[in-house]
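Worksheet: one structure, shown below.
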Amino acid sequence: MNHFLNEARALLGDAHVLTPTQADLSAYVTDWRGKFTGTPLAVLRPADTAQVAAAVKLCAAHGLAIVPQGGNTGMCGGATPDGSGRQVVLSLTRLNRVRAVDPLNNTMTVEAGCVLQTLQELAAEHDRLFPLSLGAEGSCQIGGNIATNAGGVQVLRYGNTRDLVLGLEVVLADGQVLNLLRALRKDNTGYDLKHLFIGAEGTLGIITAAVLKLFPAPHASAVAFAALKTPQQALQLLGLMRGALGDRFTAFELMSDASVAMVRQHFPGTPALFADAHPWQVLMQATDPGAGDGAQAALDASFQAALEQALEQGVIDDVVIATSVAQAEELWAVRENISEAQQHDGANIKHDIAVPVSSVAAFIAEVQPLLHAAYAGVRPIVYGHLGDGNLHFNVSRPVGWSTPDWQAETDRVNAIVLDVVARYQGSFSAEHGMGQLKNHEMALYKTPLEINVMRRVKQALDPQGLMNPGKLLP
Ligand SMILES: Cc1cc2nc3c(=O)[nH]c(=O)nc-3n(C[C@H](O)[C@H](O)[C@H](O)COP(=O)(O)OP(=O)(O)OC[C@H]3O[C@@H](n4cnc5c(N)ncnc54)[C@H](O)[C@@H]3O)c2cc1C
């Protein structure tokens, strides 16, 4: 392996070939949840597309598998190498240049290592919106977002990452650079190859740059937190708000009381929003691109009128409407801190599921009693993007259980939750992908033919099986 390391150093420079004996690799070898850890042969940190291509060719020549890595915030261990000491982590962090911003075309062309939040800020500087938004936005990278087809909190209005990508540049498994960096909104010239790489979790190629869609920047915004009794009422509220606000309605996040309580426990500054306890709460947002006080006043009026109607109809029991940007951020923090609060709380068995929006309430009503019947004192922490039918249905260990004992129940808990998902024709991984956490579930919940077609695509693009092996496919 010394040959490989020497050639890699000649290619990338000594400082950008990190090995376990010479550097602290902890940031690269363990996933965000601390669930998976590995031992790579090396971490390579190329600076540009040409270096990525050369590094991939070098790895292919030595028969070394590559694990692409962005911000390493993925939930399924997709960016974590195995323990063989023969995999190479390829970090995209240094590919962080903005190649172009075209406000007239409403696009920006950026490299894969750009941190999501910097792209949101860049769009805002041009009076535009890049709408992808998620709790990890301060550290996840756009390449990772594209590779996982990330969802987030504005899918309701703007779609998943897939809907925000117009073009891609990809280094293929043999080191060739596939240039699909077209900034076109119409292009029916054969198979739309970019979609193969979106959501492929680095198993088909390495994304090095992308053309992203921009939207008019919102200048008016309204945020509220509502308390209600049931998920069915949350669905009624969703219909009511969408009816009143149309496309201006951008986010609708459901949280069980237990989720909010966990945030308050682990983030002590979190305000108590309601005097009484309410089993379910919803965070919602509406925005409008119109400028000036008039647009804000008009949005506030429609937003408040819709919420008053919901109160009058008994759809919601109480509501807090943000009266300042600071308060809006405080309300959003409650939702955004749930993942981290659960991390502090300890072992939980995570599910990131989707069912048709109209079935969410029935799904929750069906699965919760099954869990309680199987495990006395179990604590389902249910929250998520209700507007997309996507719930993070995380099952925290019953009080008194040890972490290892609870983790040993993973398959049984998964079967309880995911069998119900399957009955609703749902998805067992709505937005977090497969990685090495959920790939075995594919064999349980997808048809053999669907898996076979995926394998044929993989074989065609990565015949040596060197692109992120052991991930995504069972
Ligand atoms: C607090 C928190 C909140 C989150 N909220 C959400 C949410 O609301 N919605 C959501 O969808 N996700 C969410 N996530 C999960 C995570 O942030 C996303 O999956 C994100 O898109 C991963 O980006 P990353 O740069 O960290 O990728 P990584 O974790 O580094 O990699 C993820 C996968 O993509 C591959 N990959 C990375 N970069 C490339 C590349 N350039 N080319 C090819 N393959 C690549 C990796 O090999 C791996 O398989 C959250 C995570 C955290 C920690």
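The values are calculated or read from the model by the stated rules, or taken from the named source; none is laboratory data. Only a predicted model underlies this, so the values are computations on that prediction, with no experimental measurement involved. FYI the Cβ positions are ideal-geometry reconstructions off the backbone, even for glycines, and counts take in every protein chain you see. Surface accessibility is based on the protein's heavy atoms, side chains included, excluding ligands, DNA and RNA. Shrake-Rupley method; radii C 1.70, N 1.55, O 1.52, S 1.80 Å.
Let me know the shape class of the stretch 90-205, please: from the alpha-carbon gyration tensor, a ≥ b ≥ c as square roots of the eigenvalues, rounded when a/c is under 1.5, otherwise prolate if a/b is greater than b/c, or oblate. It is rounded, given that a/c, with a ≥ b ≥ c, falls under 1.5.
In summary, the lysines within cross-link reach of LYS57, defined as a Cα separation below 26 angstrom excluding same-chain residues under 8 places away, comprise LYS194, LYS458, LYS471.
Let me make sure I get this right: for the stretch 59-122, a, b and c are the square roots of the gyration tensor eigenvalues over alpha carbons, sorted descending. Under 1.5 in a/c it's rounded, otherwise prolate if a/b > b/c, else oblate. Which is it? Each step should come with its number before you reach the end.
Values: a/c = 3.85, a/b = 2.17, b/c = 1.78.
Since a/c reaches 1.5 and a/b is larger than b/c, the shape of the stretch 59-122 is classed as prolate.
Sorted largest first, the principal axis extents computed over the alpha-carbon atoms of the stretch 2-91 equal 34, 26, 23 Å. Computed with a 1.4 Å probe on the full set of protein chains, the accessible area for ILE207 sits at about 10 Å².
Each pair of Cα atoms in the stretch 344-418 enters the Kirkwood radius, and Stokes-Einstein at 25 °C and 0.890 mPa s then converts it into a translational diffusion coefficient of 194 µm²/s.
Within the chain, which is the longest segment that contains none of the trypsin sites (Lys or Arg not before Pro) sitting in a DSSP loop with at most 11 other Cβ atoms within 10 Å?
Details: sites that count: ARG185, LYS186.
It runs 187-474.
The calculated 222 nm mean residue ellipticity attributable to helices in the chain amounts to -11000 deg cm²/dmol, summing -39500 (n - 2.57) over DSSP H runs of n ≥ 4 and dividing by all residues. The listed residues ASP411, ASP293, ASP192 rank as ASP293, ASP411, ASP192 when sorted by accessible area, largest first, using a 1.4 Å probe. Distance distribution P(r), the stretch 278-352, all Cα-Cα pairs, bin width 5 angstrom from 0: 3, 11, 17, 19, 18, 12, 10, 6, 3, 1 percent.
Computed from Cα atoms, the angle from the helix 410-423 axis to the main principal axis of the chain rounds to 70 degrees. Heavy-atom accessible area for ASP288, with the other protein chains in place and a 1.4 Å probe, reaches approximately 30 Å². Along the stretch 277-287 the Karplus relation, 6.51 cos²θ - 1.76 cosθ + 1.60 evaluated at θ = phi - 60°, assigns HN-Hα couplings of 7, 10, x, 9, 9, 9, 9, 9, 9, 10, 9 Hz to successive residues, with x for each Gly and Pro. In degrees from 0 to 90, rounded to the nearest 10, what is the angle of the helix 231-245 Cα long axis to the longest principal axis of the chain? With rounding to tens, the tilt is 90 degrees. Projection of the Cα convex hull of the chain, averaged over all directions and equal to a quarter of that hull's surface, yields 23.0 nm². Here ARG397 sits with roughly 50 square angstrom of accessible surface, probe radius 1.4 Å. The residues HIS3, HIS385, sorted by heavy-atom accessible surface at 1.4 Å with ligands and nucleic acids left out, run HIS3, HIS385 from largest to smallest. Amide H to amide H, with H built 1.01 Å from N, LEU129 comes under 5 Å of PHE215, ALA217, counting only residues 5 or more places away or on other chains.
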